[in-house]
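Colleague: Got a structure here, written out as structure tokens. Questions coming.
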Amino acid sequence: MTATQGSMPTPSGTRDVLPDEMRELRAITRAMVDRLDSAGYGEVRTPTLEYERSLPGGSAALGPAYRLIDEHGETLVLRSDMTLPIARIAATRYSNDSGPLRFCYLSRAWRRVKPRSGEAREVLQLGAELIGGGADGGASELLNLLGEVLDASGLKGWKLAVGDSRIVGELLDASGVAGDDRGVLVDAVRRGDFVEVKRRAASAGSVGGRSLNDLLSLRSSVDLLAAEVASSTPALAQLHALATALPAELRERIIIDLSLSPDLNYYEGLVFEVYDPAIGRPLGGGGRYDPLLREFGKATEAIGFALDADLVHAALAGEERGERSAT
Amino acid sequence: MTDSKLTIAVPRGSLFKEALDCLDRAGIDTTPVRENDRRLHFPEVGIVTVRPTDVPTYVDCGAADLGITGKDVIGEQLDRDFIELLDLEFGGCKMVVATIEIEPDPMVEAAKRLGVVRVATKYPKAAAAWFASQGTQVEIVEVKGSVELAPLTGLADGIVDLVATGATLRENGLIARAEIGSTTARLIANPVAHRLKAAAIDDLAARISPA
């Protein structure tokens, strides 16, 4: 039988990687995984398929997109990221180890895709997880590590946007937004609809001398963030203190974004996204996910990042193109 | 997307002139764009001119940092990733449901006797959402242009379309039966550019802002 999807031989959002591309991709990912391994983040491999019943219920919203039924009638799912399997490993294989636990991975994960978007259904993710990271939850260790890994990839222009999932709620509390407006504002911020944000925030009180609208759309370098803004909510103050204490060469790459909101619902606290000027979408991101580990029955801090290896590769190619056209 | 030079996607269509006027006010020199209506790419002033419905595509993919497009276009492309920055308050239109001007209303007749209304539109999401909110079963016929022709030729019982003055409806013997929304031009931004070029984008948005 011939392929039914016109001339497309593989499902949309998946593709074959041929030797020329694979050689480049392998060189980049090897450099990054080596960096992780030498920092004490041991590489792990987990099953491609997991029992649906062993995934925690609260994380269903990030849901696996693909399900299979095995010969015993068990529902198996294709993993949608590596954070869930590593949380499972930490809770089951290291249940008596109080940590800190450090893992890294280079693994494929499967996502649902929006129609005609050109998004990848199968992504090659490279990432690290730090569980039981202590006082700051491992945040500064992990951000420094992420910086080293991005440098190891060869990328030059990368930047890091950092936020905290609690900031928007705290700003709304401080400016006295309640009732219907609150839900609408939270949703508008999440969707990036600043026309709606401006409309709804118009009547809200100011915080630290700034209007709510200005605060919700604020993106600033660490050093330029005004002191009265930095101290306006507890989560923002904590984020600012964390960012200020980072080494200068990392701090200069950081953008504090008050409304940065993660797509994944298991993040609570610090969240971040990685960008490169050569490419129009995030290369990856991460954050604190203590609640997910709690669902697995382990009460400790957890933080991690994941990068899309194909996008890192594309960004590198983009940077090279930019350098060639600049000379 | 290097340094803080911005690239703006401007729609060649009904919003074109006002979008350029708007950029003039913000201090961007649009003379080369006005002088040449065949050229598409104006890197010297940071402008690309594209089809109106392609603006979200260019912005989502980062080929342009910013774009000017109608709320009507945004509503049909919510699966694209971009930030809606500013209501530019020009290009105001109403979105209406219209049919041939006869009584009884051909859509009401179709719903009553056939159980489903056939509606031709360039805005399938907006149309489907409105009919769903009315509890009416609808079959959407997506067309790319000259929507007014659909009820006249029997392609559909009615249409969902944008009207500025209503002149085109009247010329074709159609009448608006309900107003289901409105649109104005919006400034949208690529989410990565929004953060990496925050100062340049905020500065332009302040200069371009109608209020």
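Computed from the coordinates by the stated procedures, all read-outs in this text should not be read as laboratory data. Because the structure is predicted, anything quoted here is derived from the model rather than measured. Note that each Cβ is placed from the backbone with ideal geometry, even for glycine, and that neighbours are counted across all protein chains shown.
Colleague: Peptide B:189-197: average number of partner chain Cβ atoms within 10 Å per residue? All intermediate terms of the calculation are to be shown ahead of the outcome.
Modeller: Working: counts 2, 2, 7, 13, 3, 7, 11, 8, 2.
Counting other chains' Cβ atoms within 10 Å and averaging over B:189-197 gives 6.
Colleague: Would you work out the charge dipole size for the stretch A:79-168 about its Cα centre, treating the Cβ of every Lys and Arg as +1 and the Cβ of every Asp and Glu as -1, and quote it to the nearest 20 debye?
Modeller: Numbers: 13 positive and 10 negative charges, 127 e Å.
Roughly 620 debye, rounded to the nearest 20.
Colleague: From other protein chains only, count the Cβ atoms within 10 Å of every residue's Cβ in B:58-69, then give the mean. Walk me through the numbers before you get to the answer.
Modeller: Values: counts 1, 1, 4, 5, 7, 1, 1, 1, 0, 0, 0, 0.
Mean inter-chain Cβ contacts per residue within 10 Å come to 2.
Colleague: What are the lysines whose alpha-carbon lies under 26 Å from the alpha-carbon of A:LYS114, with same-chain residues fewer than 8 places away excluded?
Modeller: Once the sequence-local lysines are set aside, what remains near A:LYS114 is B:LYS71, B:LYS122, B:LYS125, B:LYS144.
Colleague: For chain A, what does the alpha-carbon gyration tensor say about shape, rounded, prolate or oblate, given a ≥ b ≥ c as the root eigenvalues, a/c under 1.5 as rounded, and a/b over b/c as prolate?
Modeller: On the way: a/c = 1.43, a/b = 1.33, b/c = 1.08.
The shape class here is rounded.
Colleague: Lys/Arg Cβ at +1, Asp/Glu Cβ at -1, dipole of the stretch B:93-182 taken about the Cα centre: which of B:ALA126, B:VAL96, B:VAL147 is farthest positive-ward?
Modeller: Of the candidates, B:ALA126 comes out farthest on the positive side.
Colleague: Report the residue, chosen from A:GLY40, A:GLY133, A:GLY73, that carries the largest GNM mean-square fluctuation when chain A is represented by alpha-carbon nodes joined by springs under 10 Å.
Modeller: Looking only at A:GLY40, A:GLY133, A:GLY73, the biggest GNM fluctuation is shown by A:GLY73.
Colleague: Another one. Using only Cα atoms and rounding to the nearest 10 degrees, what angle (0 to 90) does helix A:309-326 make with the longest principal axis of chain A?
Modeller: Roughly 70 degrees, rounded to the nearest 10.
Colleague: Now for a separate question. Would you please put B:188-197, A:216-225, B:155-164 in order of how densely packed they are, using the mean number of other Cβ atoms within 10 angstrom per residue and starting with the highest?
Modeller: Values: B:188-197: 24.7, A:216-225: 18.3, B:155-164: 22.3.
Those peptides, ordered most packed to least, come out B:188-197, B:155-164, A:216-225.
Colleague: Using the crude model of +1 on Lys and Arg Cβ and -1 on Asp and Glu Cβ, and no other charge, please compute the dipole size for the protein assembly as shown relative to its Cα centre, in debye to 20. Mind dumping the intermediate values first?
Modeller: Values: 60 positive and 78 negative charges, 105 e Å.
Dipole magnitude for the protein assembly as shown comes out near 500 debye.
Colleague: For A:SER203, A:SER140, what's the fewest-to-most ordering of other Cβ within 10 Å of each Cβ? The partial results should precede the final answer.
Modeller: On the way: A:SER203 11, A:SER140 17.
Ordered by Cβ neighbours within 10 Å, fewest first: A:SER203, A:SER140.
Colleague: Could you pull out every one of the lysines with an alpha carbon less than 23 Å from that of B:LYS197, ignoring same-chain neighbours closer than 8 positions?
Modeller: A:LYS156, A:LYS159, A:LYS198, B:LYS5
Colleague: Continuing with the same structure: Assuming a ≥ b ≥ c are the square roots of the Cα gyration tensor eigenvalues, decide whether the stretch A:74-162 counts as rounded (a/c under 1.5), prolate (otherwise, with a/b larger than b/c) or oblate. Don't jump to the answer; show the numbers that get you there.
Modeller: Values: a/c = 2.46, a/b = 1.11, b/c = 2.22.
Cα axes put the stretch A:74-162 in the oblate bin.
Colleague: Report the FRET efficiency, 1/(1 + (r/R0)^6), for B:THR165 and B:ALA199, where r is their Cβ-Cβ distance and R0 is 35 Å, rounded to 0.05. Working shown, then result.
Modeller: Details: r = 40 Å, r/R0 = 1.16.
With R0 = 35 Å, the Cβ-Cβ based efficiency is 0.30.
Colleague: Another question about this same structure. At 7 Å along the Cα-to-beta-carbon direction for both B:THR136 and B:GLU101, put a label point, then send me their distance in nm to one decimal.
Modeller: 1.9 nm
Colleague: When a/c is below 1.5 the answer is rounded, else prolate if a/b is larger than b/c, else oblate, so apply that to chain B with a ≥ b ≥ c taken from the square roots of the Cα gyration tensor eigenvalues. Write out the running numbers ahead of the final one.
Modeller: Working: a/c = 2.72, a/b = 2.16, b/c = 1.26.
Verdict is prolate for chain B.
Colleague: While we're looking at this one, here's another question. Gain in length, A:ALA299 to A:ALA39, computed as 0.36 nm per residue apart minus the alpha-carbon separation, to one decimal in nm? Please list the in-between numbers first.
Modeller: Numbers: separation 260, 0.36 × 260 = 93.60 nm, distance 2.46 nm.
Fully extending the segment from A:ALA299 to A:ALA39 adds 91.1 nm.
Colleague: What is the set of long-range amide H partners of A:ILE256 at a cut-off below 5 Å, with H atoms built 1.01 Å from backbone N?
Modeller: A:VAL162, A:SER220, A:SER221, A:VAL222
Colleague: Based only on other Cβ atoms within 10 Å, what is the fewest-to-most ordering of A:HIS313, A:HIS72? Don't skip to the end; give the middle numbers.
Modeller: Working: A:HIS313 21, A:HIS72 5.
Ranked by crowding around the Cβ, least crowded first: A:HIS72, A:HIS313.
Colleague: Calculate the spin-label point distance for A:TYR66 paired with A:SER325, positioning each point 7 Å from the Cα along the beta-carbon direction, and give it in nanometres.
Modeller: 3.5 nm
Colleague: Based on Cβ point charges of +1 for Lys and Arg and -1 for Asp and Glu, what charge dipole magnitude is obtained for chain B about its Cα centre, in debye rounded to the nearest 20?
Modeller: Values: 23 positive and 31 negative charges, 39 e Å.
The calculated dipole for chain B is roughly 180 debye.
Colleague: Right, next: Report the extension gain between A:VAL184 and A:ASP223 in nm, rounded to one decimal, defined as 0.36 nm multiplied by the number of residues separating them, less their alpha carbon distance.
Modeller: Details: separation 39, 0.36 × 39 = 14.04 nm, distance 3.17 nm.
Once the chain is fully extended between A:VAL184 and A:ASP223, it gains 10.9 nm.
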